[in-house]
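Here the structure comes first, spelled out in structure tokens, and everything after it is commentary.
Nothing in this text is a laboratory measurement; each read-out follows from the coordinates by a stated rule. Everything quoted here is computed from the prediction, not taken from an experiment. Here the Cβ is made from the backbone with ideal geometry for all residues, glycine too, and neighbour counts use every protein chain on show.
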Amino acid sequence: MSEVLELVDVSVVRDGRALVDDVSWSVKEGERWVILGPNGAGKTTLLNMASSYLFPTSGTATILGERLGAVDVFELRPRVGMASVAMADKLPRRQTVLETVLTAAYGMTAHWQESYEKVDEQRALAFLDRLGMSDYLDRKFGTLSEGERKRTMIARAMMTDPELLLLDEPAAGLDLGGREDLVRRLGRLARDSYAPSMLMVTHHVEEIAPGFTHVLMLRQGRVLAAGPIETELTSRNLSLCFGLPLVVEENAGRWTAQGLPLS
Ligand SMILES: Nc1ncnc2c1ncn2[C@@H]1O[C@H](COP(=O)(O)OP(=O)(O)OP(=O)(O)O)[C@@H](O)[C@H]1O
Ligand SMILES: [Mg+2]
């Protein structure tokens, strides 16, 4: 199995502070990782590196076999799909949902062109259908609800047929029904052997879909635990990660976490 991401002794330093602190982490093809950690732990910073928008201050980052610093990032970026709020905020609000997904095929955030190929449109329609967005094709992106926007962004991230898919808090802001719907769709994607390797940042273990295989826990830029979900997503590790006593439970492939009751 080849590596889709390999970080060796990676640090990201800003203003004299290590946002990511000496991280070594390896993701193999086909693995689906969940990234957990408190606010400010460095989760988004890691994803920005995995999408080649941010370079390490020290250490080496190899993405899909290409080493950051020694590769043309414009060739690498289409091979990595990323869905995040920061990216959604950059997209034109007046574009339709279909246009928003289609423009990804051309590596653009704006500028609708008339010359999109039929085959691209069919792909966009198929991804939007898979994310339950077929009824919204002509809606303006800026008018979508949070959940609809998230689903559009995931369809958009799939458009370049990425080998690595990065999701930064895909279920944040969704109501219970929206969350469960998204978890089901992500679960289907995670279990699809043709789907790309996935890294998903989340704040809630309840958002981990069955089919995710590994977990990375970060605290203050450092790796606290990394490995298979069954062995690493434990009450002990999660308590250390968030700095309070937590009990983690698994039931039929879904997870819950809660604080210990005060005695
Ligand atoms: N360009 C920057 N300059 C200085 N500090 C930064 C910069 N970018 C991020 N940070 C800081 O780095 C830390 C890690 O940020 P990051 O966005 O990776 O956290 P996160 O784990 O994604 O948090 P959250 O759960 O709140 O999204 C934060 O303390 C943030 O304020
Ligand atoms: Mg973040």
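If the elastic network links every pair of Cα atoms under 10 Å, which of 122, 220, 95 fluctuates the most in the Gaussian network model of the chain? Taking springs between Cα atoms under 10 Å, the residue moving most is 122.
Using a 10 Å cut-off on Cβ atoms, rank the peptides 136-145, 80-89 from the highest mean neighbour count down.
Details: 136-145: 15.5, 80-89: 19.1.
Ranked by mean Cβ neighbours within 10 Å, highest first: 80-89, 136-145.
Counted over the chain, the DSSP beta bridges are approximately 60% antiparallel.
Across the options 258, 165, 195, the greatest Cα extent toward the positive end of the charge dipole of the chain (unit charges at beta carbon of Lys, Arg, Asp, Glu) belongs to 258.
Just tell me the longest site-free run in the chain, where the sites are GluC sites (Glu not before Pro) in a DSSP loop having at most 12 other beta-carbon atoms within 10 Å. Longest stretch, sites excluded: 118-263.
When peptides 54-61, 35-42 are ranked by their average number of other Cβ atoms within 10 Å per residue, the highest-first order is 35-42, 54-61.
Rg and Dmax of segment 3-259, based on Cα coordinates, read 18.0, 56 Å.
Rg and Dmax over the alpha-carbon atoms of segment 1-134 stand at 17.1, 50 Å.
From its DSSP helices (H runs of at least four residues, each -39,500 (n - 2.57)), the chain gives a residue-normalised ellipticity at 222 nm of -8000 deg cm²/dmol.
What FRET efficiency comes out for residue 140 versus residue 193 if R0 is 30 angstrom and r is the Cβ-Cβ distance? Round to the nearest 0.05. Write out the running numbers ahead of the final one.
Numbers: r = 36 Å, r/R0 = 1.19.
After rounding to 0.05, the efficiency reads 0.25.
Look at the alpha carbon pairs under 8 Å that are at least 6 residues apart: their mean separation over the length of segment 3-259 gives a relative contact order of 24 percent.
Derived scalar couplings between HN and Hα for segment 55-64 equal 9, x, 6, 8, x, 10, 10, 10, 10, 6 Hz in order, rounded to whole Hz, by the Karplus curve 6.51 cos²θ - 1.76 cosθ + 1.60 (θ = phi - 60°), x for Gly and Pro.
Residue-wise HN-Hα couplings along segment 133-149, as the Karplus relation 6.51 cos²θ - 1.76 cosθ + 1.60 with θ = phi - 60° gives them from phi, are 10, 4, 7, 10, 3, 9, 6, 6, 3, x, 9, 6, 6, 3, x, 5, 5 Hz; Gly and Pro carry x. Comparing 73, 97, 201 in a Gaussian network model of the chain, where Cα atoms under 10 Å apart are tied by springs, the biggest mean-square fluctuation is seen for 73.
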